[in-house]
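Encoded as structure tokens, the structure appears first; notes follow it.
The values are calculated or read from the model by the stated rules, or taken from the named source; none is laboratory data. The model shown is predicted, which means the values in this text are computed figures rather than measured ones. So basically every Cβ, Gly included, is an ideal-geometry build from the backbone, and we count neighbours across all protein chains shown.
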Amino acid sequence: MNEQEVKPQNNRADNRGRRDNRRGRGNRGPAKEFDHTLLHVARVARVVQGGRRFSFRATVVIGNHKGKTGIGVAKGTDVSNAIGKAVNEAKKHLITFPITNGTIPHEVALKHKSAKIIIKPAKVGKGIVAGGALRVIADLSGIQNLTAKSLGSNNKINTARAMIEALKQLKDSHANSPS
């Protein structure tokens, strides 16, 4: 009876790793291509017989920090549903524009519906001097130095759409130089 009994050790680490993979905690999958920011959420009421039906409207801005951005507006029965729909909508309406030395190539002044905006390139180190929707879009787009002003409308959706239209008008400075 001098022999020691060898019991198989229950190695929890091996079992835990296998269980975690089954629960979806193992491999996280590919990294997200776009970051998104919630710009605005509104509770919307629809009057029907017997009362009101409430839904939520979400406005989301997505961007990859490399000159690609988009906005999406969608409604859903709850906030998370509306945000998911808005992200999918934004992915369908992506725009690409040039960024030179961390800023935009030239100035753009634009009127879209009631929103008027002016965006100007800024020197390196100035940062994003803008407010509201303009700042969010510039940040997610990858613009590091920008001066922007929103005139006219205070509506976040119209201001965001005006910013997208202004970014669409940007031309690459290298394409315009004579050869």
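Brief remarks on what is shown
- Scan of the stretch 94-108 for residues that are in a strand (DSSP E or B) and out of contact with any Asp or Glu (no Cβ under 8 Å at 6 or more places or on another chain), ordered by number: ILE95, THR96, THR103, VAL108
- Scanning the stretch 64-98 for residues that are surrounded by fewer than 18 Cβ atoms within 10 Å (Cβ to Cβ), more than 19 Å from LYS32 (Cα to Cα) and of a type in the set (A, V, I, L, M, F, W, C) yields one hit, VAL79.
- Matching residues, the stretch 127-156, being basic (Lys, Arg) and in a strand (DSSP E or B): LYS149
Condition check ((1) among the aliphatic types (A, V, I, L, M); (2) without any contact (Cβ under 8 Å) to a residue 24 or more places away in the chain) across all residues:
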| site | (1), (2) |
| --- | --- |
| LYS66 | no, no |
| THR69 | no, no |
| GLY72 | no, yes |
| SER80 | no, yes |
| ILE95 | yes, no |
| PRO98 | no, no |
| GLY102 | no, no |
| ALA115 | yes, no |
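- Pair list, Cβ under 6 Å, 6 or more apart: the stretch 22-50 residue of a type in the set (Lys, Arg), other residue part of a strand (DSSP E or B) and at pLDDT 55 or above: ARG43/PHE54; ARG43/PHE56; ARG46/ARG53
- Of all residues in the stretch 109-126, those being assigned to a loop (DSSP other than H, G, I, E, B) and either surrounded by 14 or more Cβ atoms within 10 Å (Cβ to Cβ) or in the same structural domain as HIS65 (by TED's automatic domain parsing) (or both) number 3.
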